[in-house]
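First comes the structure, then the notes that go with it.
Please treat every number below as a calculation from the coordinates, not as lab data. Not measured: the values here are computed from a predicted model. Using ideal geometry, Cβ is built from the backbone for each residue, glycine included, and neighbour counts are taken over all protein chains shown.
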Amino acid sequence: MTFLKTVVSAGALALAASAASAAVVSIGVVSGDWASVSPDPVYGLNGVGTNEIRWGQPYYSSSDPQSGYQFDGSSGGVVTEGVSFDLGDFTHFNFAVSSDPPGSDAASITGATLHVAFDLTIDGNVYSYASDYDFTHWETINTANPCANGGANGSGVNVNGCADRVQILNNEGSSDAVVVNGVKYYFDLTGFEGLIMENGLPTFWTVEGQTNVATLYAAMRTEPVSDVPLPATALMMLAGLGGLGLVRRKTRA
């Protein structure tokens, strides 16, 4: 019986993997909002719950723009497992903020959570999908030399003062997993267009005093589930394996 149970489990996983590779998968229009920031409170924070947040006391003049993040989702399309696709555009409005704003609120965010949602279509059936992605933010000292990224102040990405750093963390614990025919479907962020990885994390060094935009990429990932009802073809296979087990026992008698 132990041998038969092992064979059945492997067969179920193989069928689930086959179902995932054969499925036609697409996503609809992507929407996103900044669900929360850390720390809390942050001076001048506004826009939480929308696709654009702003924060901070402008350093040079009260009429200058605040720093901020924005996300503009893509129009979607057909996706393939393991192949990165355009999820949308990420913008960092990198403008100098005072390191000592009035009151006790923090001068800048250190992180933010982006809540992304879209319709997921698998073999013509539509499901709702949502996922949270965490961004870490490093508001660097503009006058440092060398800068936080190790480069010289006044050149390259540090041309207007030291660049700030944005990194992505996938937050699987706060993400949906759509289950279809014994297969779980996830979507992980894979990085910023043309940008680097640092310590295994997608990293965006943004130029001071500019609006910095990069395409945000994601990829579909699947995982077989063994404790869901199997399709009719799988049940037939299991029945055949059960008959094989009976033959084995009869032969040994």
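For residue 105, the amide hydrogen comes within under 5 Å of no other amide hydrogen, counting only partners 5 or more places away or on other chains and with H modelled in the peptide plane. Label point of residue 136 set 7 angstrom out along Cα-Cβ; within the range 92-121, amide nitrogens under 12 Å from it belong to 110-112. Extension gain for residue 54-residue 223 works out to 57.1 nm (0.36 nm per residue, less the C-alpha to C-alpha distance). Under 5 Å from the amide H of residue 88 lie the amide H atoms of 74, 216, each residue being 5 or more positions distant or on a separate chain, with H modelled from the backbone and absent for Pro and chain starts. Scalar couplings 3J(HN,Hα) for the range 179-190, obtained by applying the Karplus form with A = 6.51, B = -1.76, C = 1.60 to θ = phi - 60°, are 10, 9, 6, x, 10, 8, 10, 10, 9, 9, 6, 10 Hz; x denotes Gly and Pro. Between the range 102-147 and the range 26-45, the C-alpha centres lie 6 angstrom from each other.
3J(HN,Hα) along the range 43-51: 4, x, 5, 8, x, 4, x, 10, 7 Hz, from the Karplus curve 6.51 cos²θ - 1.76 cosθ + 1.60 with θ = phi - 60°, whole Hz, x for Gly and Pro.
Counting only Cα atoms, the size of the range 15-130 along its three principal axes is 61, 22, 21 Å, in decreasing order.
Under 5 Å between amide hydrogens, built in the peptide plane, is the criterion, and for residue 67 it picks out 55, 95 among residues at least 5 positions away or on other chains. Each residue of the range 76-93 is assigned a 3J(HN,Hα), and the resulting list reads x, x, 6, 10, 10, 4, x, 10, 5, 9, 6, 8, x, 9, 9, 10, 10, 7 Hz, derived from the Karplus form 6.51 cos²θ - 1.76 cosθ + 1.60 (θ = phi - 60°), x at Gly and Pro.
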